[in-house]
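Written out below as structure tokens is the structure these notes cover.
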Amino acid sequence: MSEFVYRFYRRLTRAPDLVCFRVVVEESDLFIWAESELREEAERYLLHHRRLLEDFISRHPRFATTFVPYPVPEEVPWVVRLMAEAAIKAGVGPMAAVAGAIAEAVGKELFRHTGEIIVENGGDIFLRSSKERVVGLFAGHSPLSGRIAFRLPPTGDGGLGICTSSATVGPSYSAGRADAAVILAEGGALADAAATALGNRLKGPEDIEISLQRALEIPGVLGAAAVMGEVLGLAGQMELVRA
């Protein structure tokens, strides 16, 4: 996704009760909201998990290229385990979960410093919040883009992930044609992987209903949404509000 798009949707974000800051390490570009400025801590955690992931990929290069689940040894870094397990549940390659996994890994590390935390990584979000939050939808050239949003209830201690896959926005590969395939799940890695799986199935508006139901069959997926042009589908715990 271009720097312009990053700045576009980040300019629209609001969380008046939290402090926001940005952390960038190579391809990882995180926008974070917390109860206090935690840039130094977040950067340290991001570097740590990126280094572990890069080291694993250097020894298992197919992990980074396969489009199907990749079995990993018992003793692997936590971020690798997050990606591998999410990929198995969703039936996709592990790199389909990378943005959500990095957001989740950094977010959970920051639990020790803040009660409220929102980590956005390329449009994929991991959050823990005691308050209701509203997450807007960016769906490229769809007329629904920027006009609707999802209301999220308080998350509980473990946090939630809400991630989007798109065939028309950003550089990530999708086998489908959706402007937006959105998943709410019990974790950032799972939400990211399941969003990719949902997006891959959406070839046309006629695929929306069955694809959303299949997404809800993935253990840990709480809600799903799909946008194709002017057509919107919702399933599970996705409460729609005006943006």
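The values are calculated or read from the model by the stated rules, or taken from the named source; none is laboratory data. Just so we're clear, the structure is a prediction, and the values are computed from it rather than from any experiment. Ideal geometry is used to build each Cβ from the backbone, glycine not excepted, and the neighbour counts take in all protein chains shown.
Here THR155 passes the criteria (1) in a loop (DSSP other than H, G, I, E, B); (2) touching a residue at least 60 places away in the same chain (Cβ under 8 Å); (3) within 30 Å of PHE111 (Cα to Cα); (4) not charged (D, E, K, R) except the one numbered (2).
Checked against the criteria, ASP157 does not count as within 13 Å of the chain's Cα centre (by Cα) and acidic (Asp, Glu).
Of the residues GLY188, GLY204, GLY220, GLY233, the single one that is among the small types (Gly, Ala, Ser), in contact with a strand residue (DSSP E or B) (Cβ under 9 Å, 6 or more places away or on another chain) and closer than 17 Å to VAL134 by Cα is GLY188. When VAL5 is tested against the conditions (1) modelled with pLDDT of 95 or more; (2) assigned to a helix (DSSP H, G or I); (3) among the hydrophobic types (A, V, I, L, M, F, W, C), the lone failure is (1).
Among the residues making up region 59-77, those that are assigned to a helix (DSSP H, G or I) and either touching a residue at least 12 places away in the same chain (Cβ under 8 Å) or closer than 27 Å to LEU110 by Cα (or both) are PHE63, ALA64.
When ALA34 is tested against (1) small (Gly, Ala, Ser); (2) at pLDDT below 95; (3) in contact with a Ser or Thr (Cβ under 6 Å, 6 or more places away or on another chain), exactly one condition is not met: (2). For region 19-49, taking the residues that are of a type in the set (D, E, K, R) and assigned to a strand (DSSP E or B), the one that is surrounded by the most Cβ atoms within 10 Å (Cβ to Cβ) is identified as ASP29.
Looking at region 107-121, can you tell me whether even one residue there is modelled with pLDDT under 95 and surrounded by fewer than 16 Cβ atoms within 10 Å (Cβ to Cβ)? The answer is no; no qualifying residue exists. It is to be established whether one or more residues within region 65-87 are surrounded by fewer than 19 Cβ atoms within 10 Å (Cβ to Cβ) and at positive phi. Scanning region 65-87, I find no residue that is surrounded by fewer than 19 Cβ atoms within 10 Å (Cβ to Cβ) and at positive phi, so the answer is no.
Of all residues in region 135-152, count the ones that are out of contact with any Phe, Trp or Tyr (no Cβ under 7 Å at 6 or more places or on another chain), assigned to a strand (DSSP E or B) and either free of Cβ contacts under 8 Å to residues at least 12 places away in the same chain or of a type outside the set (D, E, K, R) (or both). Adding up the residues that qualify gives 5. Only one entry of SER166, SER142, SER174, SER130 meets the criterion of being buried (at least 19 other Cβ atoms within 10 Å of the Cβ) and more than 16 Å from the chain's Cα centre (by Cα), and that entry is SER142. Residues in region 181-210 that are charged (D, E, K, R) and either touching a Phe, Trp or Tyr at 6+ places or on another chain (Cβ under 9 Å) or free of Cβ contacts under 8 Å to residues at least 60 places away in the same chain (or both): GLU186, ARG201, LYS203, GLU206, ASP207, GLU209. Cβ contacts < 9 Å: first residue in contact (Cβ under 8 Å) with a residue 60 or more places away in the chain and under 11 Å from HIS113 (Cα atoms), restricted to region 24-46; second residue among the hydroxyl-bearing types (Ser, Thr, Tyr) and buried (at least 17 other Cβ atoms within 10 Å of the Cβ), any location; separation 6+ or different chain. Result? Going by the 9 Å Cβ cut-off, the qualifying pairs are ALA34/THR114; GLU35/THR114; SER36/THR114; LEU38/THR114.
Out of LEU82, LEU53, which single residue is part of a helix (DSSP H, G or I), under 30 Å from ALA175 (Cβ atoms), more than 17 Å from the chain's Cα centre (by Cα) and touching a residue at least 24 places away in the same chain (Cβ under 8 Å)? Going through LEU82, LEU53 in turn, just one is part of a helix (DSSP H, G or I), under 30 Å from ALA175 (Cβ atoms), more than 17 Å from the chain's Cα centre (by Cα) and touching a residue at least 24 places away in the same chain (Cβ under 8 Å): LEU53. Of all the numbered requirements in (1) modelled with pLDDT under 95; (2) surrounded by 24 or more Cβ atoms within 10 Å (Cβ to Cβ), ALA90 misses one, and that requirement is (1).
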